[in-house]
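The values are calculated or read from the model by the stated rules, or taken from the named source; none is laboratory data. Not measured: the values here are computed from a predicted model. Backbone-built Cβ (ideal geometry, glycine too); neighbour counts: all protein chains shown.
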Amino acid sequence: MVDYNLIEDIGLDATELESLLSGISSGTATGGAEPKAIEPGAILKGRVVGMSGDFVIVDVGLKSEGQVDKAEFEDTGVSVGDEVEVLLEQMEDAEGAVVLSKRKADRIRGWEQILVTRKEGDVVEGKVLRKIKGGLLVDIGVPVFLPASQVDVRRPGDIGDYVGRNVRASILKIDEERKNIVISRRKLIEEEREAAKSKLLGAVKEGDIVRGTVTNIADFGAFIDLGGLDGLLHITDMSWGRVNHPTEIVKIGDEVEVKILNIDREREKIALGLKQKETSPWEEIEKKYPVNSRVKGKVVSLMSYGAFVALEEGIEGLVHVSEMSWTRRVNHPSELVNVGDEVDVVVLDINKDKLEISLGMKQTEVNPWELVADKYPRGSVIEGKVRNLSNYGAFVEIEPGIDGLLHVSDISWTKKVAHPNELYKKGDTVQCVILEVDQEKQRIGLGVKQLTEDPWTEAIPSAYRPGMIVKGKVTKIANFGVFVELEEGLEGLLHISELSDQKVENPQDVVKPGQEVEVKILRVDTDDRKIGLSLKRAQWGSTADEEAGQRRSRESGSRPTRGGMDDHGSLGTSKIKF
């Protein structure tokens, strides 16, 4: 069978080519003297006898001379007297001339030569004629097919770019019956690269400087063809300075000189470096930037945790957000600096192994906390605004960036404050006493109750003495007793054992919240700031009544306590602090 696509490329129709090949195989086409039966399709030998317009006149031994289009001699040239082989296309045209073709004769002889001299796997070279469906048509003496998938190792964007170029390829298949040949440039490249790869891996070693061509670029680096094997030039090994993308350093097609950093012969991988060709700027980093030295740098990048500052090409340090301000709480570095800003920094630490430098911006200024102790001595009174509230206290701004903590326990001498929002809100102005300054931990303790004298030293012991009968209001009932407010902010504990002569299981069986009661003061503890009360003793009245009451308590099973205290000598189980 005949490949009709290639018939079209040769220039013959199917009938002509089959007749021609039949004539060749049977030996009917000859040159020299006129054969007995020469028919169109025969290849004849002839001699150039002259030129006429656009035609070359060739004598092939027929009754009349034949003519060949001059264009068919463009590649070889022609002179009178040259011997040529031509294909007999037509015995006579409309003008009675014999029509001949040198090009078609050359193509047929080319097929014969290919079938004799070439086999599958051989390397051939030819010129790409044109782009056809599915690939390229290549002239290697005869037109052959180069599929698009076999043009290169990586399929090019447009195979039409190869038209007009000479290419080398390996013969994949020869179909003698169809007179069809398929070639592969890709296979040849892969075979040559495999051989070159083996040679390369056997020749190079770590530390060598080699040349290669950039074949591909990814976000993480560039692939360099070293001649049979691609090595990876990682983005971190391109420059001692900051590289955002490999295209800042190299482009596809660039020839570069790189250093071999690592060879994995088993996995056939090579790691390359560009910056390693130069001396690392980190070599004498401690001498150039000693710890505690003050230097200038340029902000090159901002992250949520800090700013990277370039001190020079290839040397960057990190200013952590905690090292940006002594007094300001910095949530993001963009609050203080922008990319491109020049800043003064202090070198805090150097880790040469990890190529890291810790920098500080706040260290270029006087630490205001070094002045706080002198500026705000213990016992001094200040005025500030409530900046924030927490469940354990209020943060009061003493000056911009300097906050003190007003703990809930330091708000009132007598009132139990569960949360500072009971008394303050953000923005309130409050007057406080400086209780403590911790310069190392950068903390200031504040107090409001210290603005007044502690009533537990004189006022409360004088106003509330053991044995007194006083009135109060039930504020809170617990399983162990009842809290009674004696005056605003001052409470006493009425233990469950002091509620009644009878044994009490539930204090609410005796009193209710908000109820006014008359109680007897059993004990005033100025150290623990507690007042012990008794309801039943207030009802007994006189000493005789008290003795009778105690007797009734013993008889009823209620166990009286000494001074309102339990068996352990304390006022119940409450931990309340007035």
Check your understanding: What do you reckon, is Asn180 assigned by TED's automatic domain parsing to the domain that holds Lys133 and of a type in the set (S, T, N, Q)?
Key -> yes
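Conditions tested, residue by residue: (1) farther than 28 Å from Glu312 by Cα; (2) under 26 Å from the mean Cα position of the chain (by Cα); (3) β-branched (Val, Ile, Thr).
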site: Asp219; (1), (2), (3): no, yes, no
site: Ile235; (1), (2), (3): no, yes, yes
site: Ile249; (1), (2), (3): no, yes, yes
site: Glu257; (1), (2), (3): no, no, no
site: Leu261; (1), (2), (3): no, yes, no
site: Ile270; (1), (2), (3): yes, yes, yes
site: Gln276; (1), (2), (3): no, yes, no
Check your understanding: Since Lys416 meets every condition but one in (1) modelled with pLDDT of 90 or more; (2) within 22 Å of Val386 (Cβ to Cβ), which condition does it not meet?
Key -> (1)
Practice item. Hand me the list of strands (runs of 3 or more DSSP E) wholly inside segment 436-545 holding 3 or more residues that are modelled with pLDDT of 90 or more and of a type in the set (Val, Ile, Thr). Key: 469-478, 516-525
Review point. Which of the residues spanning segment 237-274 are surrounded by 19 or more Cβ atoms within 10 Å (Cβ to Cβ) and of a type in the set (Lys, Arg)?
Key: Lys259
Exercise for review: Please name all residue pairs, on different chains or six or more residues apart, with Cβ atoms under 7 Å, provided the first residue is in segment 177-204 and is of a type in the set (S, T, N, Q) and the second residue is at pLDDT below 85 and not in a helix (DSSP H, G or I).
Suggested key: Asn180/Asp3
Check your understanding: How many residues does segment 189-209 hold that are surrounded by 13 or more Cβ atoms within 10 Å (Cβ to Cβ) and assigned to a strand (DSSP E or B)?
Key -> 0
Study note, to complete from the structure: Exactly one of Leu318, Leu359, Leu371 is at pLDDT 95 or above and either more than 30 Å from Glu286 (Cα to Cα) or out of contact with any helix residue (DSSP H, G or I) (no Cβ under 9 Å at 6 or more places or on another chain) (or both), and that residue is Leu318
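Here's the yes/no breakdown for (1) hydroxyl-bearing (Ser, Thr, Tyr); (2) closer than 23 Å to Ile460 by Cα; (3) not assigned by TED's automatic domain parsing to the domain that holds Ala478:
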| site | (1), (2), (3) |
| --- | --- |
| Ser497 | yes, no, no |
| Gln508 | no, no, no |
| Glu518 | no, yes, no |
| Asp525 | no, yes, no |
| Gln539 | no, no, no |
Point to revise | One residue from Gly61, Gly96 being exposed (fewer than 14 other Cβ atoms within 10 Å of the Cβ), at pLDDT below 85 and not in a strand (DSSP E or B) | key: Gly96
